[in-house]
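Down below is the structure, laid out as structure tokens.
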Amino acid sequence: MQKIQNFINGKLVAPVSGSYIDNYNPAEGKVYSLIPDSDEQDVKNAVDAAKSAFPIWSKMPVDERSKILQKIADLIDENLDRLAMAESVDNGKPVALAKAVDIPRSSSNMRFFATAILHFSSEAHKMDNVAINYTNREPIGVAGCISPWNLPLYLFTWKIAPALAAGNCVVAKPSEITPMTAYLFSELCINAGLPKGVLNIIHGLGAKAGQAIIEHQDIPLISFTGGTATGKHIAATAAPMFKKLSLELGGKNPNIIFADCDFDQALKTSVLSSFSNQGQICLCGSRILVERSIYTKFVDAFVAKVKALKIGDPLDGLTKIGAIVSEDHMKKILSYIELAKKEGGQIITGGKQVQMEERCTNGYFIEPTVITGLGHDCRINQEEIFGPVVTIMPFDKQEEAIEYANGTAYGLSTTVWTENLKRAHNIANELKSGIVWINCWMVRDLRTPFGGMKQSGVGREGGNEALRFFTETKNVCIKL
Ligand code: NDP
């Protein structure tokens, strides 16, 4: 069986302990590879390698750094089919989605930050006849980057690209549930000529390998994407060590549909925003709020479209709904569907595990599920489910929609559907949400700030926000 290896000091190496963990193919429900069960010692070796590489990488002319990172982007493009297939097998997502979104976006992340660093500049502040101040933004050292399983290579590169472009060395840990594309990525880094020790990838359990990263005294900054509970734990560990922290956490995103919307667009996009990647995208809209005058029309049309989604083998190019990432996660989603019934919800389509055939007989599949009849403050409408489950609720007034939208502990993204420009501006102003999409969803410009309010995170990544996070700011004041 294939053994994934750690990537330390430019080499693919076994974990020091020699122990491995099972890695599952969720569409088949069976183990198909093994991943290192790394511990503190592996993390120490990775940090030592990164520290040794830092003086060379941080002082390398920026256009040379840029060329190496662009070469990695080119190699991702050249390996599109192989990486998309690996992502689909490891995660359960439709291979067509991985090919159209995950892998192209991974190379865009690398290319975007490889070139953004060439244009990165800082400010000068002149005090008339007194002094001039200029601001330096310098690489910090060894960055710890920890990423989740839902968009494995996409979110892995979203962190390491700005970290490396800014001149830091990196110790990164992908989720133990989806390690394969990060492993293949380490091979691409070797082929691109990335100097040894600049990027080190440690595989293993969050509570062991991840914990060793966040506790390591020579890692002064942590960029983390994952669940809110894990983010809280990371903050509690890292803050007393005065580490710089960027936390991209969970969400319970509302999707507000006014009667004056472009109905067909709102409908089509709402199906995507509810069920893409089996609803396992932090930006998926899981609470659909519909103005009462079009509520019944919307619910009927939405359910008809959802029933037409093809649930199937992720490797079938026509599949729209693939496998849930793991058995544990499937059980968690199914338990929320049971809770919805207890809370008085009506399951108007879906609601059950799907028994597939042939290769996927033992896989983890759930029908796309639509629930109505719940109040906005029940647990189903307050807690992140992170699966193919949405609720639909009516509202009468704009103020009510805003109150429901803002009425959770989260604040990651909101989508609003209206043709009324004034309303769009006003509502965008009122929403407590890091991202507001008007008449669209998942339209991403990599220059824009990305992140959440409240329990959806701390700090922003993307564009210059990411380059600022991954650099230390120093003001130099010269007397005139
Ligand atoms: P988790 O919080 O469970 O895990 C995220 C990462 O943290 C994994 O690599 C995990 O490792 C690691 N980890 C777990 N415990 C520790 C620890 N003690 N110290 C250091 N690292 C640790 O999240 P999921 O992987 O389940 O991802 C889903 C969550 O991510 C959802 O809540 C989703 O909303 C959120 N998310 C947020 C995004 C955003 O931009 N705001 C984007 C995408 C997802 P391991 O898996 O090996 O345990």
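The values are calculated or read from the model by the stated rules, or taken from the named source; none is laboratory data. Quantities reported herein were computed from a predicted structural model and do not represent experimental measurements. All Cβ positions, glycine included, derive from the backbone under ideal geometry; neighbour counts span all protein chains shown. With ligands, DNA and RNA removed, areas are computed over all heavy atoms of the protein, side chains included. Shrake-Rupley method; radii C 1.70, N 1.55, O 1.52, S 1.80 Å.
Run down GLU461, GLU430, GLU419 and say which single residue is of a type in the set (Asp, Glu) and under 30 Å from LYS307 (Cα atoms). Please lay out each step first, then the result.
Numbers: GLU461 fails: under 30 Å from LYS307 (Cα atoms); GLU430 fails: under 30 Å from LYS307 (Cα atoms).
Just a single option satisfies the conditions, and that option is GLU419.
Can you find a residue in segment 424-437 that is under 25 Å from ILE117 (Cβ atoms), outside any helix (DSSP H, G or I) and within 14 Å of the ligand (Cβ to nearest atom)? Even if it seems obvious, please write down each step before you answer.
To start, the set of residues in segment 424-437 that are under 25 Å from ILE117 (Cβ atoms) comprises 434-435.
This time we only want the ones that are outside any helix (DSSP H, G or I), so: 434-435.
Filter again for within 14 Å of the ligand (Cβ to nearest atom), leaving 434-435.
Within segment 424-437 (the criterion being under 25 Å from ILE117 (Cβ atoms), outside any helix (DSSP H, G or I) and within 14 Å of the ligand (Cβ to nearest atom)), the answer is yes, since at least one residue qualifies.
In this structure, does LYS320 turn out to be surrounded by fewer than 14 Cβ atoms within 10 Å (Cβ to Cβ) and over 18 Å from TYR24 (Cα atoms)? It would help to see each step written out before you state the result.
Details: surrounded by fewer than 14 Cβ atoms within 10 Å (Cβ to Cβ): no; over 18 Å from TYR24 (Cα atoms): yes.
No, not satisfied.
Which members of segment 454-467 meet the condition of being in a strand (DSSP E or B) and in contact with a Leu (Cβ under 8 Å, 6 or more places away or on another chain)?
Step one: list which residues in segment 454-467 are in a strand (DSSP E or B), which gives 454, 457-458, 461.
Selection gives GLY457, VAL458.
Given the options ALA192, ALA163, ALA236, name the one that is open to solvent by 10 Å² or more (accessible area, probe 1.4 Å) and more than 21 Å from GLU87 (Cβ to Cβ).
Numbers: ALA192 fails: more than 21 Å from GLU87 (Cβ to Cβ); ALA163 fails: open to solvent by 10 Å² or more (accessible area, probe 1.4 Å).
Answer to the check: ALA236.
Can you tell me which condition ALA207 does not meet? The list is (1) open to solvent by 20 Å² or more (accessible area, probe 1.4 Å); (2) out of contact with any Leu (no Cβ under 8 Å at 6 or more places or on another chain); (3) touching a residue at least 60 places away in the same chain (Cβ under 8 Å); (4) over 12 Å from VAL43 (Cα atoms), and all the others hold.
Every listed condition holds for ALA207 apart from (3).
Between ASN253, ASN277, which is of a type in the set (S, T, N, Q) and on the phi < 0 side of the Ramachandran plot?
Values: ASN277 fails: on the phi < 0 side of the Ramachandran plot.
One residue alone meets the criteria, ASN253.
Just to check your reading of the model, which residue among LEU205, LEU199, LEU221 is under 21 Å from ILE160 (Cβ atoms), near the ligand (Cβ under 8 Å from one of its atoms), in the same structural domain as ARG468 (by TED's automatic domain parsing) and of a type in the set (A, V, I, L, M, F, W, C)?
Going through LEU205, LEU199, LEU221 in turn, just one is under 21 Å from ILE160 (Cβ atoms), near the ligand (Cβ under 8 Å from one of its atoms), in the same structural domain as ARG468 (by TED's automatic domain parsing) and of a type in the set (A, V, I, L, M, F, W, C): LEU205.
Residue check, GLY18 against (1) surrounded by fewer than 19 Cβ atoms within 10 Å (Cβ to Cβ); (2) touching a residue at least 24 places away in the same chain (Cβ under 8 Å), all met but one. Which one?
(2)
From the list ILE385, ILE427, pick out the single residue that is over 24 Å from THR225 (Cα atoms) and β-branched (Val, Ile, Thr).
On inspection, the qualifying residue turns out to be ILE427.
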